[in-house]
Amino acid sequence: MPNYQSQSHRSHSAATSTPSAPFLCLLARYNGGREERESKPKQQKKRTKVVNPWEVAAKDGGKIDYDKLIDKFGCQRLDQTLIDRVHRLTGRPSSRLPPPWRLLRPPYLQDVFRVPLVIQLTDDEKCMWKNLTVEESQRLARENAKDIIACGFDITRTFIFSDFDYVGGAFYKNMVKVAKCVTLNKVQGIFGFSGEDHIGKISFPPVQAVPSFPSSFPHLFAGKDDLRCLIPCAIDQDPYFRMTRDAAPRIGYHKPSLIESTFFPALQGETGKMSASDPNSAIYVTDSAKVIKSKINKYAFSGGQDSVEKHRQLGANLEVDISVKYLNFFLEDDAELEHIKTEYAAGRMLTGEVKGRLGSVLSEIVERHRAARASVTDEVVDAFMAVRPLPNMFD
């Protein structure tokens, strides 16, 4: 399932007073196949908080302090004022903060802004950071593309590309421009690279930076260098775009804007994000309804009390209950969600009932996705990834 939850927002909105329409750029990051999920976790030394594009860990197994991250990364919380601004720009009225499920879904953003969407599959990064061959990384990228397409993107306004297949030409020229703006000391400070890291890692950040610039896609945006870019991503990707925002005005481009999300907690609790090395920490779109129910019942951390009598008296702690957190994201019926929270917090609803409802919600979503993905053929993937103009992308 997606690993983003609530949002923070980087300043300098993509939808500003400029007369140019923004284009949206989603830098899609695939998690690999079952081969990776079955691998054993590496032994980690005890360490302080780490949040970077490749690792997320809180100090001594604690919770991620998002307030500190927002301050460190120079973000601001996504509040009702910003939501109202989006609705003024899009003409979509709203009396409250939209659920993250709708706000952060790129298909939603693509629809409300009526703009083209560029999706980057960083198969080269996966090859360099994981023990994968080039060929396996490319295979996994295409499999991930099928999952992405199944989410409901509009092919007339969507271009998906993999780095191995697309990098070159104008894209590569922008990479060189960005690379010349970033010293070795700076890239080490931003990403924490050391002398033990191979040079492929050090050279990679410009690859993820330049999809922010319209001239990287001349088949789409020739002569439209003033377009703005909005990037929805998890907050661990912020280092890439802090570097990008620093370099952009130096090479004549607008800074990209970001909607950054917190992490979906693991089923076991809020100690970071889901881990690909622990299949029981997450619900996968390949899980059957039986497996989903089993994972939730066995591993979803409960805020309920340790006995029915005590639970009836004290109620559940919603701040730590994982089932409630997941329902807050996935349950579309706001009235039902509030009813569950009220009844559970008061002790009138038991943990088993809440977990049962979550199992039903997630099973339905996964089944819908499975059916949609089954219709995504290799020919459909080729169509989304074809280098082509999108003549109606702003219609």
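The values are calculated or read from the model by the stated rules, or taken from the named source; none is laboratory data. Just so it is clear, the structure is predicted and the values come from calculations on it, not from any experiment. Positions of Cβ are generated from backbone atoms using ideal geometry, with glycine treated the same way; all protein chains shown enter the neighbour counts. Each accessible area value is taken on the protein alone, full model and side chains, heavy atoms only, with ligands, DNA and RNA left out. Shrake-Rupley method; radii C 1.70, N 1.55, O 1.52, S 1.80 Å.
General remarks:
- Region 131-140 - phi-based ³J(HN,Hα) in whole Hz, Karplus 6.51/-1.76/1.60, Gly and Pro as x: 7, 10, 7, 4, 5, 5, 4, 5, 4, 5
- Over every Cα atom in region 324-395, the radius of gyration and the widest Cα-Cα span, Dmax, amount to 19.4, 57 Å.
- Residues Lys290, Lys72, Lys224, Lys126, sorted by accessible area with the largest first, give Lys290, Lys72, Lys224, Lys126 [1.4 Å probe; ligands and nucleic acids excluded].
- Full-stretch length increase - His219, Arg370 - with 0.36 nm per residue and alpha-carbon distance subtracted: 51.1 nm
- Relative packing of peptides 320-327, 301-308, 334-341 - highest average C-beta neighbours within 10 Å first: 320-327, 301-308, 334-341
- Label-point separation in nm, Glu343 to Phe301, each point 7 Å along Cα→Cβ: 2.6
- Accessible area of Tyr299 in the full protein assembly, 1.4 Å probe (Å², nearest 10): 80
- Equivalent ellipsoid, region 166-208 (semi-axes from 5 times Cα gyration tensor eigenvalues, Å): 21, 11, 7
- Normalising the average separation of contacting C-alpha pairs (under 8 angstrom, six or more residues apart) by the number of residues puts the relative contact order of region 234-318 at 18 percent.
- Evaluated at q = 0.16, 0.18, 0.22 Å⁻¹: base-10 log I(q)/I(0), Debye formula over Cα of region 155-255: -0.72, -0.90, -1.30
- Rounded accessible area per residue of region 248-361, 1.4 Å, Å²: 45
- In plain terms, the bigger the Kirkwood radius, the slower the diffusion; for region 257-388, with that radius from Cα pairs, at 25 °C and 0.890 mPa s, Stokes-Einstein puts D at 149 µm²/s.
- Ala266 long-range amide H proximity, modeled H, under 5 Å: Thr271, Gly272, Met274
- Thr156-Val176 pseudo-label distance in nm [points 7 Å out on the Cα-to-Cβ vector]: 3.8
- Residue-wise HN-Hα couplings along region 109-119, as the Karplus relation 6.51 cos²θ - 1.76 cosθ + 1.60 with θ = phi - 60° gives them from phi, are 4, 4, 6, 6, 8, 6, 9, x, 10, 10, 10 Hz; Gly and Pro carry x.
- Hz values of 3J(HN,Hα) by residue in region 64-77 - Karplus curve (6.51, -1.76, 1.60), Gly and Pro given as x: 6, 8, 6, 4, 5, 5, 4, 5, 5, 8, x, 9, 9, 5
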